[in-house]
1. Describe numerically, in nm with one decimal, the distance between label points set 7 Å from Cα along Cα→Cβ at R22 and at H8.
2. HN-Hα J couplings of the range 9-17 from phi, Karplus 6.51/-1.76/1.60, θ = phi - 60°, integer Hz, Gly and Pro as x?
Amino acid sequence: MRGFFTDHHAVLLRIMLANIDRLTEQASLLDAEIEQVISPFSVRRPSSMKSPEWARWPPRSSSPTSVSR
């Protein structure tokens, strides 16, 4: 199979790649903003501390739960 890549295709590709670059930059800016906004709410604890069993979701169980009717 043979294809053709003309100047028109090059223009379209440049536009699409520029859009990807623009959106990637915007996503990075939003990530930084979100990190800054949520930082006061983050819980800092030593990595040696584990979450209590009640804080895990879904809860761990040794056997599957069955529902009887």
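The numbers here are math on the coordinates, done by the rules we state, and not lab data. Predicted model, so just to flag it, every value in this text is computed and none were measured. Cβ placement follows ideal geometry from the backbone for every residue including glycine, while neighbour counts extend to all protein chains displayed.
1. Computed distance between label sites R22 and H8 equals 2.3 nm.
2. 5, 5, 5, 4, 5, 4, 5, 5, 5
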